[in-house]
Amino acid sequence: MSETQEAPPGHPDWRIQPQGDRCLLVILGDTIAETTGRLCLGLARQIRLARWPGVVDVVPSFTTVAVHYRPVPQGGLRYAELAERVRALLAQDIATDTLVSREVDVPVCYGGKHGPDLAEAAQACGLTPDELIALHGQPGSMVYMLGFAPGHSYIGVHDARLSLPRRDSPRTEVPAGSVAIANRQTVIYPNRLPGGWSIIGATPLVLFDAAREPASLLQPGDRIRFVPIDEATFDRLRAEQA
């Protein structure tokens, strides 16, 4: 299997390396930033459009793109050949200005039983709960990736004043729909899962439904606007989702 391949002189810093025997990893940066995130989405899109034989999945994240493939005996590509094809794409300009971003409003009932950590999180950030909610709802947030569980979206990057670390003691169960923050990001739990982020509210939306196409309500590249709602509206919208 080939060694890690570095970027050529004069090209943005990227590298390609094997991740096991059926995955190639393209590393496009080391910092969570929208420019890097959109570069990952653009490269993932171009690889999908190329329809290379043996490529079974392409998964963008904050700073990397994982290309899962079948090896040669199973009708796929050799690692070195796949790496060279990716390298050829990276030698060109990766188009990010053509990426289509949906604008998605996510209703959130903040505080109370839906957001048990809101007051504590606001205090840790040096804010009032209302100030935290206002900052959280600012436009410009993007879904960077899905991970940890099906439909589990990572959204950011929020105002620097929301630089809250993960909780010291994770919960073993977080209710589905919970909206939680840490490290200037938001996650929305699609199902009942363990989690260590501060829960500031909940959405009545169904984030993941295997019978739906696509199954995940939110997709990488989506622009998110968190919209405060009261508990009565939450209950009504939740009933409509049932």
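Just round it to a whole percent: the fraction of Cα-Cα distances in segment 97-242 exceeding 25 Å.
The answer is 21 percent, as a whole percent.
Could you run the Karplus curve 6.51 cos²θ - 1.76 cosθ + 1.60 with θ = phi - 60° over segment 103-117 and give me ³J(HN,Hα) per residue in whole Hz, x for Gly and Pro?
Each residue's phi maps through the Karplus curve to give 9, 10, 8, 10, x, 9, 8, 8, x, x, 5, 7, x, x, 9 Hz.
Could you give each residue of segment 225-230 its phi-based ³J(HN,Hα) in whole Hz, using Karplus coefficients 6.51, -1.76, 1.60 with θ = phi - 60°, and x for Gly or Pro?
10, 7, 10, x, 9, 8
Restricting to DSSP H runs of at least four residues, report the calculated mean residue ellipticity at 222 nm for the chain, -39500 (n - 2.57) per run over all residues, nearest 500 deg cm²/dmol.
Roughly -7000 deg cm²/dmol at 222 nm, from the helical runs in the chain.
Enumerate the amide H contacts of Val108 below 5 Å, restricted to partners 5 or more residues apart or on another chain; note that Pro and chain-start residues carry no placed amide H.
For Val108, whose amide H was placed from the backbone, the distant partners under 5 Å are Val227, Ile229.
Residue by residue, what Karplus-based ³J(HN,Hα) values in Hz, rounded to whole numbers, does segment 90-96 have, using 6.51, -1.76 and 1.60 with θ = phi - 60° and x for Gly and Pro?
Each residue of segment 90-96 in turn: 5, 6, 9, 7, 7, 6, 10 Hz.
Take the solvent-accessible surface of the protein heavy atoms, probe 1.4 Å, and return the percent of it on segment 103-240 that carbon and sulfur atoms account for.
52
Carbon and sulfur atoms: what percent of the 1.4 Å accessible area of segment 15-91 do they account for? Walk me through the numbers on the way to the answer.
Working: 1810 of 3650 Å².
Here carbon and sulfur together make up 50 percent of the probe-accessible area.
From the C-alpha coordinates alone, can you work out the Kirkwood hydrodynamic radius of segment 15-91, in Å?
12.4
Can you tell me the accessible area per residue over the chain, all protein chains present, probe 1.4 angstrom, in square angstrom?
So the chain comes to 50 Å² accessible per residue, rounded to a whole number.
The values are calculated or read from the model by the stated rules, or taken from the named source; none is laboratory data. None of these values were measured; they are calculated from a predicted model. Side chains are part of the model used for accessible areas, which takes the heavy atoms of the whole protein and leaves out ligands, DNA and RNA. Shrake-Rupley method; radii C 1.70, N 1.55, O 1.52, S 1.80 Å.
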